[in-house]
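*Asks:* Before I ask anything, here is the structure I am working with.
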Amino acid sequence: MAVPADPPPVVDATAEMVAAAYEDNKLAQVLYHDWEAQTYDDKWSISFDERCVEYARDRFEAIVGDVHEPLPYATALELGAGTGFFSLNLKQAGVLDEVHVTDLSPGMVEAAKANAEALGFTVQGRVADAERIPYDDNTFDVVVGHAVIHHIPDVEAAFREMLRVLKPGGRFVVAGEPTTIGDWYARRLGQLTWKATTAITHLPPLRDTWARDREALDESSRAAALEAVVDLHTFDPADLAAMAQRAGAVDVRTRTEELTAAFLGWPIRTFEAAVKPGVLGWGWAMFAYGSWKRLSAVDRLLARAVPARFFYNVGITGVKPS
Ligand SMILES: C[S@@+](CC[C@H](N)C(=O)[O-])C[C@H]1O[C@@H](n2cnc3c(N)ncnc32)[C@H](O)[C@@H]1O
């Protein structure tokens with residue numbers, strides 16, 4: 001197995017670099033995600049407790065389905081790991097053993113390593129582009145990713161790379177990618193919620209306690225502009241499966257989730273981002289997660305009648321031929 005290098009220092013974005021990022025998508029990814037790294041867990045209510053362990057394990061199992069492979073997978077690679085949400089929680093769930101967290105953003109790799117350390121885990125962290133994974137062929141038992149491939153210019157190249165670094169018979173599991181239809185309604189729900197929340201929280205009785213300050217809102221607007229640059233793809237589930245097969249995967253299957261849960265989830269996530277940090281508290285996070293879970297149960301029933309492409313999230317798994 002290749003020896004991981006230490007991540008280079010976190011990039012400090014100058015105005016010129018931000019301008020250049022509009023010309024160079026990989027640079028845009030690094031700048032945007034480095035900038036997000038320190039606040040990412042708060043923004044997305046990411047934690048490493050029972051709530052997120054259960055969430056990560058359920059997403060993994062929903063995609064892999066009724067395949068029963070021995071757990072834990074001995075060596076695991078996460079691509080676009082961010083702060084480690086998926087692989088560190090899957091490790092806690094007993095799904096993964098030795099974890100290698102990688103990301104294009106050095107800031108995210110640092111954040112993931114810090115989260116791993118706080119959990120008492122020894123993980124390898126490395127800056128890596130999913131289109132050119134810096135590990136040897138036939139290295140891992142499983143490759144995982146969550147909300148990452150929609151940022152990668154050449155998704156088929158990333159699937160080819162996942163298959164290259166997997167051992168024969170090894171599996172990749174990528175969760176939490178936006179469907180084309182789901183992204184359309186999620187963005188509109190988010191925009192409406194943002195406008196309504198910022199208008200209401202700036203009314204005099206609420207302004208002091210609920211409103212985010214002007215500087216934070218301006219920063220969010222700049223982030224939203226760059227977000228439009230870094231979000232490259234949405235997926236039709238059938239096209240995504242065909243892409244993985246062209247890359248050489250077998251036993252490919254996709255699974256979509258969240259319909260009514262996304263109708264609630266996107267307004268909730270946007271509301272959380274639009275109010276002053278800290279005002280909502282843990283009770284709110286549990287309420288939001290509980291509501292999401294109840295609606296997800298409704299969605300599992302609806303999945304019997306509603307076509308897969310209408311759901312918000314798509315996940316995909318496939319296997320490297322033996
Ligand atoms: C939406 S975040 C998801 C982070 C994490 N997986 C999660 O679910 O919380 C997407 C991550 O993909 C990373 N990324 C973007 N392009 C990448 C690439 N070409 N190779 C590897 N990682 C990439 C970003 O730096 C970012 O950390």
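The values are calculated or read from the model by the stated rules, or taken from the named source; none is laboratory data. The structure presented is a predicted model; accordingly, all values stated were derived computationally and were not measured. Reconstructed Cβ throughout: ideal geometry from the backbone, glycine too, with neighbour counts over all protein chains shown. Note: accessible area is taken over every heavy atom of the protein model, side chains too, but ligands, DNA and RNA are not part of it. Shrake-Rupley method; radii C 1.70, N 1.55, O 1.52, S 1.80 Å.
*Asks:* Considering only protein heavy atoms, with the full assembly of protein chains and a 1.4 angstrom probe, order 246, 269 by accessible area, largest first.
*Replies:* Most to least solvent-accessible, the answer reads 246, 269.
*Asks:* Accessible area, 1.4 Å probe, largest first: how do 289, 22, 32 sort?
*Replies:* 22, 289, 32
*Asks:* By how many nm would the segment from residue 200 to residue 74 grow when fully extended, if each residue of separation counts as 0.36 nm and the alpha-carbon distance is taken off? Don't skip to the end; give the middle numbers.
*Replies:* Values: separation 126, 0.36 × 126 = 45.36 nm, distance 5.06 nm.
That works out to 40.3 nm of additional length.
*Asks:* State the number of lysine pairs found in the chain whose Cα atoms come within less than 27 Å, restricting to pairs 8 or more positions apart or on distinct chains.
*Replies:* Within the chain, the lysine pair count is 16.
*Asks:* Beyond 22 Å, how much of the Cα-Cα pair distribution for segment 153-248 remains, as a whole percent?
*Replies:* Values: 2346 of 4560 pairs.
Cα-Cα pairs of segment 153-248 separated by over 22 Å account for 51 percent.
*Asks:* So, with +1 on the Cβ of K and R and -1 on the Cβ of D and E, and no other charges, what is the size of the charge dipole of the chain about its Cα centre, to the nearest 20 debye?
*Replies:* Numbers: 31 positive and 46 negative charges, 223 e Å.
Its charge dipole is roughly 1080 debye.
*Asks:* Hey, another quick one. I'd like to check one number: the per residue accessible area of the chain, probe 1.4 Å, reported in Å² as a whole number.
*Replies:* On the way: 14960 Å² over 322 residues.
With the other protein chains kept in place, the chain gives 46 Å² per residue.
*Asks:* Could you work out the relative contact order of the chain? I mean the mean sequence separation of Cα pairs under 8 Å and 6+ apart, divided by the number of residues, in percent.
*Replies:* Values: 569 pairs, mean separation 63.3, N = 322.
Over the chain, the number comes to 20 percent.
*Asks:* Across segment 70-82, in residue order, what do the Karplus-derived ³J(HN,Hα) couplings come to in whole Hz, using 6.51 cos²θ - 1.76 cosθ + 1.60 with θ = phi - 60° and x for Gly and Pro?
*Replies:* x, 10, x, 5, 5, 10, 10, 10, 10, 9, x, 5, x
*Asks:* Roughly what % of Cα-Cα distances in the chain sit above 31 Å, to the whole percent? Display every interim value, and only then the final one.
*Replies:* Numbers: 15165 of 51681 pairs.
Summing the P(r) of the chain above 31 Å gives 29 percent of all pairs.
*Asks:* Hey, what did segment 213-322 get for relative contact order, percent, Cα under 8 Å, at least 6 apart?
*Replies:* Details: 88 pairs, mean separation 50.3, N = 110.
Computed value for segment 213-322: 46 percent relative contact order.
*Asks:* Report the Cα centroid-to-centroid distance between segment 42-65 and segment 263-322 in angstrom, as an integer.
*Replies:* 11 Å
*Asks:* How many percent of DSSP beta bridges within the chain run antiparallel, rounded to 5? Please list the in-between numbers first.
*Replies:* Working: 14 of 34 bridges.
Bridges in the chain that DSSP calls antiparallel: roughly 40 percent.
*Asks:* A further question follows. What is the local net charge at residue 54, summed over the other residues whose Cβ is closer than 15 Å to its Cβ (Lys, Arg +1; Asp, Glu -1)? It would help to have the intermediate numbers written out before the result.
*Replies:* Details: positive: 51, 57, 59, 91, 293, 294; negative: 49, 50, 58, 61, 257.
Around residue 54, the surrounding residues sum to +1.
*Asks:* Viscosity 1.002 mPa s, temperature 20 °C: what is the translational diffusion coefficient of segment 80-228 from Stokes-Einstein with a Kirkwood Rh over Cα pairs, rounded to a whole number of µm²/s? Walk me through the intermediate numbers first.
*Replies:* Details: Rh = 17.8 Å.
In µm²/s, the coefficient is 120.
*Asks:* A further question on this structure: What are the extents of the Cα atoms of segment 243-322 along their three principal axes, in Å, largest first?
*Replies:* Computed over the Cα atoms, the extents are 52, 29, 18 Å.
*Asks:* Any idea how far apart residue 61 and residue 188 come out in nm if each label point goes 7 Å out from Cα toward Cβ?
*Replies:* 3.5 nm
*Asks:* Given 100, 139, 114, which one lies farthest toward the positive end of the charge dipole of segment 51-150, if we put +1 on the Cβ of every Lys and Arg and -1 on the Cβ of every Asp and Glu?
*Replies:* Going by the charge dipole, the pick is 114.
*Asks:* Cα axis of helix 237-246 to longest principal axis of the chain: angle in degrees, 0 to 90, nearest 10?
*Replies:* Helix 237-246 and the main axis of the chain meet at about 30 degrees.
*Asks:* Where a ≥ b ≥ c are the square roots of the eigenvalues of the C-alpha gyration tensor, would you call segment 45-145 rounded, which needs a/c under 1.5, or, failing that, prolate if a/b is larger than b/c, or oblate?
*Replies:* Values: a/c = 1.69, a/b = 1.13, b/c = 1.49.
Judged from the Cα gyration tensor, segment 45-145 comes out oblate (a/c at least 1.5, b/c at or above a/b).
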